Each structure stands twice: as C-alpha cells, then as structure tokens.
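As structure tokens, the structure follows; a few thoughts come after it.
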Amino acid sequence: MAKRLILSFVFLGFTCSHVGAQEDSITVDSAFRAAMDRGLAHYDDGRYDLALLEFEKARAIDPKSGFLNYETALTHYQMENNSTAVKYAKKAAKEDSQHGVQGSILLGTIWDERNKPKKSMRVLRKAIKRFGDYYLLNYNLGVAAFEAERYEEAFDAFQRAILKELDHPDSHLGMARVSSARERMVEALYPLYFFMLLEPEHELTPRLVERIVKFQEGLEQHSVEEKQKGKDKDKGYAWNDPMRTLDLQYRAFFMAKDLLAKDKVLNDQIVLLTTFFTEAGEVDFEARKDVVTSYYVPFFSAIAKQGYMEACYHYMHHKVYMASEAWMKDHYDEVEQFFQWLDAEAPKPPGLE
C-alpha cells in the first residue's frame, strides 16, 4: 500500500483553510492574531522558519492555544521535525475544539508514518470517543488499522467514514483495499467502482482499471475460499456470507465471456456488468448488514435497472479509454440525465436518507 497516497489528503481541509481555522480566535488579543496571521502567511509561502518565529511571538501571549499548537506542529511536520511535531500535536489534541481534532489526526499520521500503527490507532480511538464519529478521524483510524493488519477494525472505520461523508473518495478506496487484502475480490470491486465514479480523472484510476481487467482475466486462477483459521482467519468469506455467492456469480459471468468470446453481446463489459449488478440486487443479504450490502449493492443495482449503466461505465472510464471519451462527447444529454437521477433518485446509504 502506498501510504503517502492514502495520507496525502489528510490536511486538505486544514492547511488550505486557515481563514476558517482563525474564525474562533477573533476574541483573543489582537497581537496574538496578528502574529498568527503573519505566521500563516509565511507557512503558505513555504517559509517555515519565519512562520515558527511568528508563532513563538503568539506563544508568549497564549501558550495553551490549540490553534497555535496545531499550526506549530503542522509546520514542524512539514519540516520533517517529527519529534517536535509530536510534542505540539499532543498539546493541540488536548483542546476540545476543531484544533483538538486536527492535532489528533496529525499525531496519528506521524505515528503511522513511523511504522507505529498501533500507537496511531490508540490516539484516533481516543479522539473518536471525545469528538464523535468525524469522518477524517475514522478514515485515519482505518488507515492505521489496515497497516496493523486489523482488517475488521479497518473495515468498520472506513464504513463509518463513508456513512458520515459519502463523497470522500479515499474512504471508498480504503474500503476496497481492505477487502482486497482479505481476498474478497467482488466485495473490493464495489467500492473501487464507486471511487472511480467520484474520481474518474484521479491519477490512480487507470491503475485501478488495469487491476480490475487483470482480475477478470485471471478469474479461473482464483478460488472462492471460505474464511481461513489461524493466521489468515480474517481472509476469505464466511461460509454463509451472501457476498461469497456474488463472487461466484461474477466469476461465472466473466468466465463465460471468455469461453464465448465470439458472441459480441457476452463480450460487452457494459452488458455483463448490467446483468451482474441487476441480479446482485436480488440476493438476500439478511445475514449481513453493512455498507457493502446495504448501499453499494443496491446502488449499482439501481443504476443497472434504470438503464444508466452505459453512461455510468463510460463516465468512470472516460480518462482511460478513448472510446469512452468519444461516447461522452456524443451522449451529453444521457450523461446529464444520469447525474440528475443520481442527485434526485439514487439510493442513499442507511442514515443518509
């Protein structure tokens, strides 16, 4: 797993939104605010040493400020002074504010980058208890649990992140990576497709498409194993897991395509996916309730049943396949109708109705 790819988004909501971070400090001493403003300006320009000088002026006024301690920690982190970053992140994390959340996330990130995912998990679990199910806390807990090979906890954390912030692409990608590591391939394909629907132009999308194609081409080399005992007890499917049935169905569809390659209909990915997603929506998932069975499966089943799979497929692949790009240009109205349906009628996850 490319850890930096997963963690690189962590600060998107924070490092580029200093104005929002400053709003809760309006009542503090104007000298403190002025020093912080100068420090943040230096930070944004990459002049970290000068930023720290201004932060020290602010520290003389309010050394306990979570705002100050978080920005100081973040600046040291950018300078790769991780020990000092930890010191100030811990101080920031003590504050019951958004800076406490930010400090906790930064602290968890540093421990994870130091290859100490269990420390990261402890920090993030504690933060979730204090601050609630904020999606970035859960996402980062999922990353740390994945690194620690605590796949069930990682799955649960990514699931909570998705239910809190459906449009956060990395949570879906994290879910896919967990399922892939557990050797639950069709379970992994659902969040992969959802990620591609959110981010068709992401730099990872071509690699994900390549992986899906390789999986389809090598289906006959993989068996659908039941959950293992011992060291690999978290891999494979439980014997009564309905997703095991879907895995078998998916393999059957695409292996039949290879056997009957001359049949242009069976060789059509869109037709195959339409058929698979439609039939998957008819599977009884009473024995299992989670974001995969309660959202991904009915979501893609609805796309297939409503006749939008062609628009969906080409939109997901328009930066990978020239044919999909051309289709998009020639079928603008159909793509618009698809997105109108997504906004108005597409199934929502449990709790987001």
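Using Cβ contacts closer than 10 Å as the measure, can you line up Asp37, Asp247 from fewest to most?
Asp37, Asp247
So which of Lys57/Lys94; Lys64/Lys348; Lys235/Lys329; Lys164/Lys319; Lys126/Lys348; Lys64/Lys116 end up more than 31 Å apart, counting from Cα to Cα?
Lys64/Lys348; Lys235/Lys329
If the chain between Glu113 and Tyr321 were fully stretched, how many nm would it gain, using 0.36 nm times the residue separation less the Cα-Cα distance?
Gain on stretching Glu113 to Tyr321: 71.3 nm.
Averaged across orientations, what area in nm² does the convex hull of the alpha carbons in segment 70-192 project?
For segment 70-192, the mean projected area of the Cα convex hull comes to 7.1 nm².
Around Leu208, under 12 Å between beta carbons, what's the net of Lys plus Arg minus Asp minus Glu among the other residues?
+2
Taking 30 Å as R0, compute the FRET efficiency from the Cβ-Cβ separation of Tyr332 and Arg207 and round it to 0.05.
After rounding to 0.05, the efficiency reads 0.60.
Quick check: Cα centre of segment 312-326 to Cα centre of segment 141-215, how many Å?
Value for the Cα centre distance between the two parts: 21 Å.
Laboratory data are not the source of any read-out in this text; all were calculated from the coordinates shown. Computed from a predicted structure; not experimentally measured. We place every Cβ from the backbone using ideal geometry, glycine too, and count neighbours over all the protein chains shown.
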